[in-house]
Amino acid sequence: MGREKEAVFISRFRRVIKVPNILQIFKRKPKVIPVTEPVANFDGTKLKRGRSYLIKELKSEAAFEIFVSMIKGTCAECQHPETFSCESIGCEGCTLPCPCKHCMQARAQGLCFTMDSPEEIRQRYLLQTTPIFWISKHGSESINPANLEIMAGMIKDFFRKSKNPIVLLDCLEYLIITNGFIPVLKFLYDIREWVILQKAIFILPFSPATLEEREFALIERMMDNYHKNM
């Protein structure tokens, strides 16, 4: 009789706390290794390091185009006009006699968080090496939107490891719906401070229509508004 009561208690306990969801939220932080993409363009978007950019748009098309043009481009202040397009995956392991090998600057390295399928993003923008993480409550390789601490830790580690880091966060609305506005605002403040300290670049696409005017003003106040002619 005692075992039956114990079994009933355990069954009810699991239904109440939803054990699989709890495990999903508190799983370990994925490792992020900064890697460069092959050089594909010589006239990419130029953004200042140490800045956080807000891109006002309904969809994240412009944000991704900027992000991709930077991580697949040459250095912002390239001193080697003889640099050529390259299909080598990652400069670190490349053996070609490229002038970039002797350059004191560092090409941009990206990290992306998105609500879309990472595989779809890779195919659409021809990304080979950039770490892309799916923000979702489903899937073994996803990151739960409720776990802001894991995302913050990944971004902080990436900023620390990369010599020229760029982060694209394409899921702000989802994070606010899941966590509420204030926790996400604090999350953004932390990222902004790390961007300044590590001379990184942070790209945040967002639609003003998804928030109250006062809330959007708080986000806008901490960010640089991106304009196409920058």
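Every read-out reported here was derived from the displayed coordinates using simple, explicitly stated rules and does not represent laboratory data. The model shown is predicted, which means the values in this text are computed figures rather than measured ones. Glycine also receives a Cβ, built like all others from the backbone with ideal geometry; neighbour counts cover every protein chain displayed.
Numbers for the structure displayed
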{"quantity": "Net lengthening on full extension, Glu120/Ala217 (0.36 nm per residue, minus Cα-Cα)", "calculated": "31.7 nm"}
{"quantity": "For Ser207, residues with placed amide H under 5 Å, excluding near neighbours", "calculated": "Glu57"}
{"quantity": "Per DSSP, loop GluC sites (Glu not before Pro) in segment 121-193 with at most 16 further Cβ within 10 Å", "calculated": "Glu141"}
{"quantity": "Amide proton proximity set for Tyr53, modelled H, under 5 Å, gap of 5+", "calculated": "Phe202, Ile203, Leu204, Asp224"}
{"quantity": "Karplus-derived HN-Hα couplings along segment 137-146 (A = 6.51, B = -1.76, C = 1.60, θ = phi - 60°), whole Hz, x at Gly and Pro", "calculated": "8, 10, x, 5, 9, 8, 10, 5, x, 6"}
{"quantity": "Two-site label geometry, Glu149 and Thr210: point separation in nm, points 7 Å out along Cα→Cβ", "calculated": "2.5 nm"}
